[in-house]
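Report on one structure; see the data block that follows.
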Amino acid sequence: MINHSELRSALIKIVGEANYTDNELDLLCYSSDVAALPPEIFKVYGIKKPVCVVKPNTTEQVAAIVRLADKYGVTITPRGGGSSGLGGAVPVKDGVVVDLTSMKQVLELNESKKIITVQPGISWKELIDFLDKKGLQPGTYPSSAYSATIGGFIATGGYFGVGAPKYGSINNQIVNLEVVLPNGDIINTTENGIPAANIPMDCSWVFTGSEGIFGIVTKATLRVYPKNIGFEVRAIAFESLDDAYIAVSEALKEKLTPHTLHVIDKNFLDNARKVEDKTPEAGALVTVAFEAHTTLEAKEYANKMLKICAMKGGRDLGLDVANKEWKERFNVELVFKRLGPTLLLIELLAPIAKVQEIIKEWDFIAEKHNLALNHFGMLGSGYLANLMPMVLVDERNKGEFVKTVAILTKMLEAGLKLGGKIHSVGVHYAAYAENKTGVSIKELRRIKSAVDPKNLMNPYKVVKGRLSPRAFKFAMGFMARSPAWLDSFALKVAGATPIVKIFRT
Amino acid sequence: MARLQEKPYENELYVCARCGYCREVCPVKKLNGFDKVCPRGKILLLKHFMEKKMPITKDMIWNWYYCCTCGYCAETCPVNIDFPTVVKDVRVDLVKRGLNPLEPFKIASTNILTESNPFGKPKSERTEWIPQGVKFSKRSDTLYWAGCTSAYWTTETARAVVSILRHINFDYNMLGGDEGCCGMIPVWGGGTEVSRQIAERNVRLIEDSGAKVLFTTCPGCYSTFKEDYPKLVGKLGFEARHTSELFSELIKSGRLKFTHKLNSTVTYHDPCHIGRFHGIFEEPREIVSAIPGVKFIEMDYNRRAANCCGGPMRTAFAEDSLTVAQWRVDEALSTKAEILTTFCPQCTINLRQGAATREATIEVLDLPILMARALGIET
């Protein structure tokens, strides 16, 4: 058992009274993220309120916290803006949540080399605003830039977002990471390796997409780019989602590289129009941005795109619509959530060539279950699209809510079978960890046991969930098929009894 | 579900996506450091308490009163939650359930009922600010409402307004000793019954005066009349307007002409309750720009993205209110402006204190006073 008062005073000694909390209300806020999931599912996953939360300001404080946790044998869950939705930043075992949002300083900007060093808790919006004043910009940033932090984006892989088709994943932009390892050692990825795991220097790849299971990033040095003068956005309407994706694939084959590209379907547009009446009417909408050194060059790309799209019936909706859609880029996934008021979604990385097949399969499953999907897709780097089918439900209708979660999970499974990948695992996708993109799960497991033998750094995430994948898949399959009232009942039983323990690994 | 739906804010708790955009702009989040105080936290907790049918704790009540009500969060909210309204509705519901608001809110309400102002100042002193020799019509279409803050504290603002109006022979009326409190504090404190009682009294007096237009210098009064009164007592027989609207029209029509060059650099702070709440951004700027010799500089965060001065927090969290004011003063200082102006007595007081504690030389002036100077009027 943890000696709470001893831990408390030791932590306060490190971060100061104002940066420590074990207030009940504070703790409740740290046991969730953006995901809407029934409270019972949280119980089944084993999600817990943290014992306490600390907000360090410096690398040394983080290292001291980590060493202390090691000494007391308590777990640590690092957390940024809390804007992810798979539970990666939510504690699964009693422990300390390390909230990094106070670490938001810009430490150094080298304008000639175009690199910037920041603390991990700065939000992307803050970084964008800072760079903007210097005529610079970041490469890829998440569409949740207002609240997502640099550290959080690195930890969740940073595979897609605004600018991803052009600048690639966050990995391409990382020059160096300073990381506090689970034993409290501070390393710089360009200078040090991880001897315990037999990994040589230049090891930032270990930490991108690692969801904080190998340590806490305390500084990030990133490449930044001059703000290009040429920036052109177009909104192109299609008859169908199929046509839109065919046109996008054609454009990619022609080596057109957009800065950002979104595809949304008719359902999405129809729902968005209920909230924002200026939303255009179409069978599908592609919003595409091109960036170049000159306006002329950017226009040239945009025109080429329009020409390719025209062959599949794509119509240019004009600059007003394009600019409106571009302005919505930070809100896009949430624009019509109010209609639910709960929004459920899955995220799948899919090769562009497979997108239509996957969507067709999803539509088939959804139709079978009488579910209305709102398709949203975002082009990532390397001919990958991030697909996010969304469903509106009302979580107060428990049975329907749980059932929809289950159906969406089955849809994810179907997408994975067709060649898709997940970018993050968190808690919710633990059963599908084998399908994670990037470093293989086998390698991740090897590194985990080497650097964190006590399993204290964000345990039960990514490499090993608490539930047996087989049991999870079975339960989801069952709930997707059975009547809603039974789902509601089954969940109540699972959440209230120790039965769930037998499903734990 | 019908039982829960009775609460007007209940659906909004489910609309919240917990994206956390609000926490990045929330002043009380910046003060407290932890999520629970920002809209995301407040909503998450209330939803949790309601779903678990847990009794509302003292901590929870405190949390729902710990808010600037500045509405900056609503600007960034991707699902369009009007958070200030949620705050108001939740507080009303808490009071309805017998959960008392914070003590200072209760004291203010009692003071309003006995002395017609939230400060507990004697009712008899309310008209002391009115300069000797000021004449106003006994009956006019236009009624000037000074508001408690200007009647008792920033009396120079109210004096400037009437002096300007006298300067151009503008016809208006005042309620004099009958003017009371608009009831903003009970309105925001959840005290619907007290608020209604106050609103009924004021509406009767104003309508009896024959006024068709009521103009206020206090954005708090303005917003209370404009937004809250119709909800409390139904449609009003008069239109509430802010003095900045009136002055900017008088300038445009050529009736009000500035004659004295001011030769200074000026920045403007947007009061939340006319700015974000009612979209009055340009009128005060038009007034400042019309003053000869003034070089106008915007702060980085302005209009819809203006940071709060912390004023509404003064009711129950004076120290925190001052800290928020200091942040805003720091923004003004970084523009290198010599004068920080605003159009709100409450903002003026708070920013002035913020500037004083920062030992800054920047002069904080309510806009009517700046206007009076540009008209060569002694205030």
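What follows draws every value from the coordinates through simple rules; no lab data is involved. Keep in mind it's a predicted model, so treat the numbers as computed, not measured. Positions of Cβ are generated from backbone atoms using ideal geometry, with glycine treated the same way; all protein chains shown enter the neighbour counts.
Could you state, as a whole-number percent, how many of the C-alpha pairs of chain A are farther apart than 31 Å?
Numbers: 57388 of 127260 pairs.
Summing the P(r) of chain A above 31 Å gives 45 percent of all pairs.
For segment B:103-249, report the convex hull volume of the alpha-carbon atoms normalised per residue, in Å³, without decimals.
Numbers: hull volume 14.5 nm³, N = 147.
So the per-residue Cα hull volume is 99 Å³.
Charged neighbours of residue B:23, selected by a Cβ distance under 14 Å, balance to +3 (K, R count +1; D, E count -1). Mind checking which lysines have their Cα closer than 20 Å to the Cα of residue B:30? Skip sequence neighbours fewer than 8 apart in that chain. Cross-link targets: A:55, A:104, A:125, B:42.
Can you work out the base-10 log of I(q)/I(0) for segment B:293-347 at q = 0.27, 0.31 1/Å, using the Debye formula on its C-alpha atoms alone? One equal scatterer on each Cα of segment B:293-347 leads to -1.18, -1.33.
For segment B:86-158, report the convex hull volume of the alpha-carbon atoms normalised per residue, in Å³, without decimals.
149 Å³
In segment A:408-484, the inverse of the mean reciprocal separation of distinct Cα atoms equals 13.5 Å; this is its Kirkwood hydrodynamic radius.
Selection among A:222, A:25, A:302 by position relative to the dipole of the protein assembly as shown gives A:25 as farthest towards the positive end (Cβ unit charges, Cα centre). Whole-percent P(r), segment A:25-88, all Cα pairs, 10 Å bins from 0: 18, 47, 29, 6.
Full extension of the segment from residue A:24 to residue A:113, taken as 0.36 nm per residue of separation minus the current Cα-Cα distance, would add 27.4 nm.
For segment B:216-293, take N as its residue count and report Rg(C-alpha) divided by 2.2 N^0.38 Å.
Numbers: Rg = 14.7 Å, N = 78, 2.2 N^0.38 = 11.5 Å.
Here the Cα radius of gyration is 1.28 times the empirical estimate.
Evaluate the charge dipole of the protein assembly as shown about its Cα centre and quote only its size in Debye, nearest 20, assuming +1 on the Cβ of each Lys and Arg and -1 on the Cβ of each Asp and Glu. Intermediate values should be presented prior to the final figure.
Values: 110 positive and 97 negative charges, 320 e Å.
Here the protein assembly as shown has a charge dipole of around 1540 debye.
Centre-to-centre separation between the Cα atoms of segment A:21-36 and those of segment A:47-72: 16 Å.
Give me Rg over Rh for segment B:140-179, both radii from the alpha carbons and Rh done the Kirkwood way, two decimal places. Before the final figure, lay out each step's value.
Numbers: Rg = 10.2 Å, Rh = 10.5 Å.
Rounded to two decimals, Rg/Rh equals 0.96.
Of all aspartates and glutamates in the structure, those lying under 16 Å Cα to Cα from residue B:135, and not within fewer than 8 positions of it along the same chain, are B:171.
Filter A:255/A:307; B:96/B:235; A:43/A:448; A:43/A:417 down to the pairs with a C-alpha to C-alpha distance above 18 Å, please. Present the calculation step by step, with values, prior to reporting the outcome.
Numbers: A:255/A:307 14 Å; B:96/B:235 24 Å; A:43/A:448 25 Å; A:43/A:417 28 Å.
The answer is B:96/B:235; A:43/A:448; A:43/A:417.
For segment B:155-199, state the semi-axes of the equivalent ellipsoid (square roots of 5 times the eigenvalues of the alpha-carbon gyration tensor), sorted largest first and rounded to whole angstrom. All intermediate terms of the calculation are to be shown ahead of the outcome.
On the way: eigenvalues 183, 26, 12 Å².
Those come to 30, 12, 8 Å.
One way to sum up the overall shape of the protein assembly as shown is the equivalent ellipsoid from its Cα gyration tensor, whose semi-axes run 50, 31, 28 Å, largest first. Segment A:411-452 and segment B:288-353 have Cα centres spaced 51 Å apart.
Across q = 0.19, 0.28 Å⁻¹, segment A:146-198 modelled as identical point scatterers on its alpha-carbon atoms has Debye log10 I(q)/I(0) values of -0.77, -1.14, in the order of the q list. When the P(r) of chain B is calculated, the portion above 32 Å amounts to 32% of the C-alpha pairs.
Looking at chain A, identify the longest residue range that excludes and avoids all trypsin sites (Lys or Arg not before Pro) in DSSP loops having at most 11 other Cβ atoms within 10 Å. So the longest stretch without any such site is A:279-505. Along the axis of the charge dipole computed for the protein assembly as shown (Cβ charges of +1 for Lys and Arg, -1 for Asp and Glu, origin at the Cα centre), the listed residues B:192, A:83, B:365 are led at the positive end by A:83. With 22 Å as the limit, the listed pairs A:166/A:360; A:278/A:403; B:36/B:58; A:274/A:324; A:253/A:442 have A:166/A:360; A:278/A:403; A:253/A:442 beyond it between alpha carbons. Share of pairwise Cα-Cα distances greater than 24 Å in segment A:364-496 is 39 percent (whole percent).
Using the Kirkwood formula over every pair of different C-alpha atoms, what hydrodynamic radius in Å results for segment A:208-264?
Working: mean 1/r = 0.0648 Å⁻¹.
It is 15.4 Å.
Shown here for segment B:1-70: GluC sites (Glu not before Pro) in loop regions (DSSP other than H, G, I, E, B) with at most 10 other Cβ atoms within 10 Å, namely B:6. For segment B:261-379, the dipole from Cβ point charges (+1 on Lys and Arg, -1 on Asp and Glu) about the Cα centre works out to 120 debye, to the nearest 20.
Among B:313, B:50, B:174, which one moves the most in a GNM of chain B with springs linking Cα atoms closer than 10 Å? Among B:313, B:50, B:174, the largest mean-square fluctuation in the Gaussian network model of chain B belongs to B:50. Relative to one another, the C-alpha centroids of segment B:156-171 and segment B:84-151 are positioned 22 Å apart.
Computed from point charges on the beta carbon alone (+1 for Lys and Arg, -1 for Asp and Glu), the dipole magnitude for segment B:10-96 about its Cα centre is near 300 Debye.
Between residue A:360 and residue A:229, residue separation times 0.36 nm minus the direct Cα-Cα distance comes to 43.2 nm.
Considered as an equivalent ellipsoid built on the Cα gyration tensor, segment B:10-96 has semi-axes of 19, 14, 12 Å, the largest given first. Scaling the Cα radius of gyration of segment A:144-281 by the globular reference 2.2 N^0.38 Å produces a ratio of 1.38.
With neighbours defined as other Cβ atoms within 10 Å of a residue's Cβ, the residues A:428, B:48, A:293 order from fewest to most as A:293, B:48, A:428.
Computed from the Cα positions only, the extents of segment B:258-374 along the three principal axes stand at 42, 33, 24 Å, in decreasing order.
Kirkwood hydrodynamic radius of segment A:319-364 from all distinct Cα pairs, in Å?
Values: mean 1/r = 0.0759 Å⁻¹.
Kirkwood radius, segment A:319-364: 13.2 Å.
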